[in-house]
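As structure tokens, the structure follows; a few thoughts come after it.
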Amino acid sequence: MRLCGNCNKAFDGPGWQCPFCFQKPMRLEGHLAFAPELAENNEGFEADYFRELAKLEAGNFWFRSRNQLIVWALKQYFPRAESLLEIGCGTGFVLSGIKEALPEVSLSGSEIFSAGLAFAAQRLPGVELFQMDARRIPFTEEFDVIGAFDVLEHIKADAEVLAQMYQATRKGGGILLTVPHHPFLWSPADDYARHVRRYKSRELRDRVQRAGFDVIRITSFVSLLLPLLMLSRFKQRFQRKEFDPTSELKINSLMNDGLRRILDVERTLIRGGVSLPAGGSLLLIARRI
């Protein structure tokens, strides 16, 4: 069901005009906008980075490997899912991977920045996209699965977002999350990305459980590359030259392919039931009972 942003009452129907107070959300650059005041400027991300991401994601080993892991998790833990909302869909790269692998699933994507939606729309014809603040999701018991992939670390009020995800998920459905792991890996890359935190495993598990979910799987990934990641991040701390946020994405094709193959091996371990204790990122799967 939909929630009116003005009177907060739930309703069904073909459109977004509330039958109780008759208010409806505005449109911004062709998309429904539920938080238009945040569409261009907020503290969570550098909106100018979307253009660079759109150029580099499809060829980069990390983004491609994460997509494969997410698609596997969806098939493994939510095989009957018919609908999915991605919070913070950015340029639409994850949703495009899900759409290709699971064309039968009805997809929706939200992004707080209208700039991101412009790129997502190019990748995702026919997918419902809208501008939204994840702290105020305008749905209740609407989606089988809600995903937030490297989003929560940008938001100070992550507990509010998780509570909203619980509200918007159907009973028996659940959530998929990826977040950066280990506070000790903090570096200028996190500062530039406007991260609020890197998570500890127990910290993420506890926050998800407090929101009402039952955590059914949590594992690190980018684990086999952790020594290289540590070296790269510690090196960034002592560099005197200006930080280049795209430096880790612009690697030669031979190295890119080698790193991808290593993460293929790692993904085989995860698929086999191994939950890795340490790595650059965390994957969490939880169900709404």
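The values are calculated or read from the model by the stated rules, or taken from the named source; none is laboratory data. Keep in mind that what you see is a predicted model, and the values were worked out from it rather than measured. Note: ideal-geometry Cβ built from the backbone for every residue, glycine included; neighbour counts use all protein chains shown. Each accessible area value is taken on the protein alone, full model and side chains, heavy atoms only, with ligands, DNA and RNA left out. Shrake-Rupley method; radii C 1.70, N 1.55, O 1.52, S 1.80 Å.
Quick look at the numbers
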| read-out | value |
| --- | --- |
| Exclusive hit being among the basic types (Lys, Arg) and modelled with pLDDT of 95 or more, set ARG66, ARG51 | ARG66 |
| Residue match in region 263-285 (condition: of a type in the set (Gly, Ala, Ser) and in contact with a Pro (Cβ under 8 Å, 6 or more places away or on another chain)) | yes |
| Residue match in region 173-181 (condition: over 24 Å from GLY280 (Cβ atoms) and touching a residue at least 12 places away in the same chain (Cβ under 8 Å)) | yes |
| Meets criteria (under 16 Å from the mean Cα position of the chain (by Cα), open to solvent by less than 10 Å² (accessible area, probe 1.4 Å) and under 24 Å from PRO14 (Cα atoms)) for ILE175 | no |
| Residue in region 79-88 that is within 25 Å of ASN41 (Cβ to Cβ) and open to solvent by 10 Å² or more (accessible area, probe 1.4 Å) present | yes |
| Which numbered condition PRO36 fails, given (1) open to solvent by less than 20 Å² (accessible area, probe 1.4 Å); (2) in contact (Cβ under 8 Å) with a residue 60 or more places away in the chain | (1) |
| Test set (1) open to solvent by less than 30 Å² (accessible area, probe 1.4 Å); (2) closer than 11 Å to ARG288 by Cα - GLU153 fails condition number | (2) |
| Residue that is modelled with the lowest pLDDT, among those in region 1-29 that are open to solvent by 60 Å² or more (accessible area, probe 1.4 Å) and in contact with a Ser or Thr (Cβ under 9 Å, 6 or more places away or on another chain) | GLU29 |
| Odd one out for LYS156 among (1) touching a helix residue (DSSP H, G or I) at 6+ places or on another chain (Cβ under 7 Å); (2) basic (Lys, Arg); (3) closer than 23 Å to VAL196 by Cα | (1) |
| Elements of type helices (runs of 4 or more DSSP H) in region 180-289, at least 3 residues being buried (at least 17 other Cβ atoms within 10 Å of the Cβ) and either at pLDDT 95 or above or touching a strand residue (DSSP E or B) at 6+ places or on another chain (Cβ under 6 Å) (or both) | 201-210, 253-271 |
| Pairs, first free of Cβ contacts under 8 Å to residues at least 24 places away in the same chain in region 1-12, second part of a loop (DSSP other than H, G, I, E, B) and surrounded by 14 or more Cβ atoms within 10 Å (Cβ to Cβ), C-beta under 7 Å, six or more apart | ASN6/CYS18; CYS7/CYS18; LYS9/CYS18; PHE11/CYS4; PHE11/CYS18 |
